[in-house]
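Structure, as structure tokens:
The values are calculated or read from the model by the stated rules, or taken from the named source; none is laboratory data. Treat the numbers as computed from the prediction; the structure is a model and nothing was measured. Heads up, the Cβs are rebuilt from the backbone with ideal geometry, glycines too, and the neighbour counts pull from every protein chain shown.
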Amino acid sequence: MVGGLYAGPPVRGAEAAGDGGAAPGSRVSVTVNGDRHTVTIDNRTSLLDLLREHLGLTGSKKGCDAGACGACTVLVDGRRVNSCLTLAVGLDGTEVTTVEGLARGDELHPLQQAFIDQDAFQCGYCTPGQIMSGVACVQEGRTGSPEEIREWMSGNICRCGCYVKIVRAVEQAAHGK
């Protein structure tokens with residue numbers, strides 16, 4: 001236990017001088033879904049782990065933990081990132097948007113509503129990452145055709161195979177179709 005945070009077992013030979021083997025930590029201030037959070041974290045903490053384990057925001061999923069599936073996609077300063085590959089310590093002063101931050105009160109974000117309208121999910125595990133990537137796709141203007149949407153959403157895997165409906169949902173959110 002370091003500063004109230006479990007640091008896990010130390011890597012052999014990685015002890016920092018004079019701290020009894022505790023992992024180095026840093027204080028980070030980040031705005032998540034409009035709320036400012038200042039936390040002290042282990043320098044190895046990913047953005048995904050910060051969101052899920054420290055802030056209790058479990059919408060972003062840990063699918064592969066290697067940046068290959070997109071289930072952990074969030075927006076950092078408006079740009080999509082794989083939160084499992086992003087070190088939280090490097091995000092001081094940034095704004096992070098997760099799927100929990102899209103709706104405004106009881107009003108769903110247009111892409112969240114489009115996912116419902118188009119029945120663009122089955123098991124739902126990839127849905128938060130798909131929605132966050134789709135939001136970025138729309139914001140980036142990458143919705144000119146179904147082919148363009150598929151290309152720009154290709155970093156997000158849906159094991160249930162809902163790709164056609166996901167593309168339709170992104171089209172609906174972008175063009176009101």
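This table checks each residue for (1) of a type in the set (Ser, Thr, Tyr); (2) closer than 24 Å to Ala66 by Cα; (3) crowded, with 18+ Cβ neighbours inside 10 Å; (4) more than 20 Å from the chain's Cα centre (by Cα).
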position	(1), (2), (3), (4)
Gly105	no, no, no, yes
Ala114	no, no, yes, no
Gly144	no, no, no, yes
Gly161	no, yes, no, yes
Exercise for the section: Return yes or no: is Arg79 charged (D, E, K, R), surrounded by 15 or more Cβ atoms within 10 Å (Cβ to Cβ), on the phi < 0 side of the Ramachandran plot and at pLDDT 95 or above? Expected result: no
Practice task
Considering every residue within the stretch 51-60, establish whether at least one is surrounded by fewer than 21 Cβ atoms within 10 Å (Cβ to Cβ), among the basic types (Lys, Arg) and in contact with a strand residue (DSSP E or B) (Cβ under 9 Å, 6 or more places away or on another chain).
Solution key: no
Problem - Top-ranked residue in the stretch 123-177 [being touching a residue at least 12 places away in the same chain (Cβ under 8 Å) and of a type in the set (Ser, Thr, Tyr); ranked as nearest to Gln113 (Cα to Cα)] - result: Thr127
